[in-house]
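Visitor: There's a structure below that I have some questions on.
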Amino acid sequence: MFAKDTFKNKHILVTGGRSGIGFQIAKDFLELGANVIIASRKEKPLAEAAEKLANFGTVLHKACDIRKTEDIKQLANFIKEKYGCLDVLVNNAEVNFLH
């Protein structure tokens, strides 16, 4: 449907990218030439997902709980350090706020 280099040199963040729909979205962007960062709360399964996705392109991962302001700041700094900017955000993370 799209050319393989449609997203070449574009930097994509997929929150909730460890599994399910987020994982597939990350894979699709990788196959279209993007540099992808996946974020999720748990480091170990996130690293395992990144290892699988590395078969399709350049992928980085960063543990982040988007309910925590400090985690979001650290993720933003990580992106700035690695790529300088972000072109696309896929906000796929599920958040449950308990009252």
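Every number in this text was worked out from the coordinates using simple rules, so none of it is lab data. Please read all numbers here as calculations on a predicted model, not as lab measurements. All Cβ positions, even for glycine, are placed from backbone atoms using ideal geometry, and neighbour counts span all protein chains on display.
Visitor: Pop out the ³J(HN,Hα) list for segment 40-45 in order, Karplus 6.51 cos²θ - 1.76 cosθ + 1.60 with θ = phi - 60°, rounded to Hz; leave Gly and Pro as x.
Guide: 6, 6, 9, 4, 4, x
Visitor: Oh, and also: With 10 angstrom as the radius, rank I66, I38 by how many other C-beta atoms surround their C-beta, starting from the fewest.
Guide: I66, I38
Visitor: Turning to a different aspect of this structure: Give me, ordered by chain and number, the residues 5 or more places off I37 or on other chains with an amide H under 5 Å from its own placed amide H.
Guide: Amide H to amide H, under 5 Å and 5 or more residues apart or across chains, I37 pairs with I12, L13, V14, L60.
Visitor: As I understand it, the value is the acute angle between the Cα axis of helix 20-31 and the longest principal axis of the Cα atoms of the chain; what does it come to in degrees, rounded to 10?
Guide: The angle comes out at about 30 degrees.
Visitor: Just rank H61, H11, fewest to most, by other beta-carbon atoms within 10 angstrom.
Guide: Starting with the residue having the fewest Cβ neighbours, the order is H11, H61.
Visitor: Mind listing the phi-derived Karplus ³J(HN,Hα) values for segment 52-68, rounded to whole Hz, using 6.51, -1.76 and 1.60 with θ = phi - 60°, and x for any glycine or proline?
Guide: Values, residue by residue: 5, 5, 4, 5, 10, x, 7, 10, 10, 9, 8, 5, 7, 9, 5, 7, 10 Hz.
Visitor: Further question: Which of A34, N9, I21 sits farthest toward the positive end of the charge dipole of segment 1-43, with +1 on the Cβ of Lys and Arg and -1 on the Cβ of Asp and Glu?
Guide: After comparing all options, I get I21.
Visitor: Another question about this same structure. Through the Karplus equation 6.51 cos²θ - 1.76 cosθ + 1.60, θ set to phi - 60°, convert the phi angles of segment 71-88 into ³J(HN,Hα) values in whole Hz; use x for Gly and Pro.
Guide: 4, 5, 4, 5, 5, 4, 5, 4, 5, 4, 5, 7, 10, x, 7, 10, 9, 9
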